[in-house]
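Structure record follows, encoded as structure tokens.
The values are calculated or read from the model by the stated rules, or taken from the named source; none is laboratory data. On a predicted model such as this, the values are computed, not experimentally measured, just so you know. Cβ atoms come from the backbone with ideal geometry, glycine included; neighbour counts cover every protein chain shown. The protein model used for the area step is the full one, side chains on, heavy atoms only, and it has no ligands, DNA or RNA in it. Shrake-Rupley method; radii C 1.70, N 1.55, O 1.52, S 1.80 Å.
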Amino acid sequence: MKRFGLLLFLLLTSIAANAGSLQINGVRLWAAPDSTRVVFDITGQVEHKLFTLDGPDRLVVDLKHASISKALVSQLKSSGVVKGLRSGTRNKDDLRLVLDLSGPVKPKSFVLKPNDQYGHRLVIDLFGVGKAKKSEPKTIKVVKPTVLRDLVIAVDAGHGGEDPGARGRNGVREKDVVLGIARKLKTLIDKEPGMKAVLVRNGDYYVGLRKRIDKARKHRADLFISIHADAFRDRRVRGSSVYVLSRRGASSEMARWLAARENAADLVGGVSLDDKDDLLAEVLLDLAQTATLETSTGVASRVLAQLKRLGKVHKRQVQHAGFVVLKSPDIPSILVETAFISNPSEESRLRSRKHQQKVANAIFKGVRNYFVSNPPAGTRLAKRSSPRRHVVRRGDTLSHIARRYGVSMTSLRNRNRLKGDRLLVGNMLTIPSKGG
Ligand SMILES: [Zn+2]
């Protein structure tokens, strides 16, 4: 008996000694507006515990049988809520890390197994507390003020932070180029009278897929655009594609809302589904969803038409898929795969600011063309009478348009800085006022 105990003791200490070799060999910080993610690269799977302290605010992380080099600790620059990192040894071979914080947080932690980019990781999310706003109580407005609103577009740069997305042979990362395009697109939208853009992600951090949709809804977005860059094992594959939600994706989503019916009222214009029977609830949801999908497809085809001018498209038709970010039942949503980052020439184009601007221009034109022709009620676009706009259709000529609006061809040319009489389908012309 005694002998067995000793054996067990020896066995345990040898496991401990083995585990003692765990080394932290990397630390990354990703600051999002409402949270900060801290990622530790570790040479193996680690056991950990964490707790917070206040006055001053700190997060303490205890790691079993682990160590970290002083150099790595001092390298960490402050970011988000994290001001600094300190380390110490406990129980001979355990590690205690202390993160100095600029305010109180709610921490959440989990470990990740190795993937093709990283090894074992410990991820700690620090959610800010105290600043969180309570959602407004819902009230039904009887009298609606007739103030016209801006059309709101949620621009979503895919991936971010610990999730780099696709990566090109020469190291161009999807998360970086799509953020570049998203920011340029926002600038274009904000310059357009009657339109306003919201960036779903505005930095190098990750936002959960459902959270991206929530953010768009919080801003009452009229459209959600997710921007990505594709990758494929065949490096020759190239070109852009535009996606909307597939019918199958839509019906699986329907099942989800029906399951959580009390949350679904917002989706069908504030009608509570709680007291409706299954069939009626389904019909109401289906109506909302069908209208949303129609708008999504309309916008997607206008955007695709503009991208076709920019270069080769991968798919000439609007594609359908069950991507989570497309699943808003009430917000028309499209996903643009701008190019194949796995194709070397498209990779280098994506890296160039000039090309990013061109892609942003194309998406912008497509979106604007759709909403100028189909402005949602209550928006400034719906009431915009002067200056009038005309989106060029197949078969239009300058003289036709001039006659239709009762203006001269010269004023039309001057107002739009046209050199000749050639018109491009999908371009938007500003119609000069009749006097000038
Ligand atoms: Zn992507």
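When Val105 is tested against (1) more than 15 Å from Gln23 (Cβ to Cβ); (2) touching a helix residue (DSSP H, G or I) at 6+ places or on another chain (Cβ under 6 Å), just one condition goes unmet, and that condition is (2). Any residue at all in region 39-51 that's basic (Lys, Arg) and open to solvent by less than 70 Å² (accessible area, probe 1.4 Å)? No, region 39-51 has no match at all. Selection of strands (runs of 3 or more DSSP E) fully inside region 147-238 by the criterion of at least 1 residues being more than 16 Å from the ligand (Cβ to nearest atom), within 16 Å of Ala360 (Cα to Cα) and β-branched (Val, Ile, Thr) returns 151-157, 195-199. Within region 96-116, one or more residues are open to solvent by 60 Å² or more (accessible area, probe 1.4 Å), at pLDDT below 85 and within 16 Å of the ligand (Cβ to nearest atom).
Quick one: which of Gly171, Gly161, Gly128 is open to solvent by less than 80 Å² (accessible area, probe 1.4 Å) and at pLDDT below 90? Spell out the reasoning first.
Working: Gly171 fails: at pLDDT below 90; Gly161 fails: at pLDDT below 90.
Just a single option satisfies the conditions, and that option is Gly128.
Only a single criterion out of (1) under 30 Å from Thr292 (Cα atoms); (2) out of contact with any Pro (no Cβ under 8 Å at 6 or more places or on another chain); (3) among the charged types (D, E, K, R) is not satisfied by Arg417, namely (1). Among all residue pairs at least 6 apart or on different chains, which show Cβ distances below 7 Å where the first residue, located in region 164-178, is of a type in the set (Ser, Thr, Tyr) and the second is open to solvent by 10 Å² or more (accessible area, probe 1.4 Å) and within 11 Å of the ligand (Cβ to nearest atom)? Pairs found: none.
Taking every residue in region 100-123 that is hydroxyl-bearing (Ser, Thr, Tyr) and pairing it with any residue that is surrounded by 13 or more Cβ atoms within 10 Å (Cβ to Cβ) and assigned to a loop (DSSP other than H, G, I, E, B), at least 6 positions away or on another chain, the pairs with Cβ-Cβ distances below 9 Å are Ser102/Asp57; Ser102/Ser78; Ser102/Gly80; Ser102/Val81; Tyr118/Glu162.
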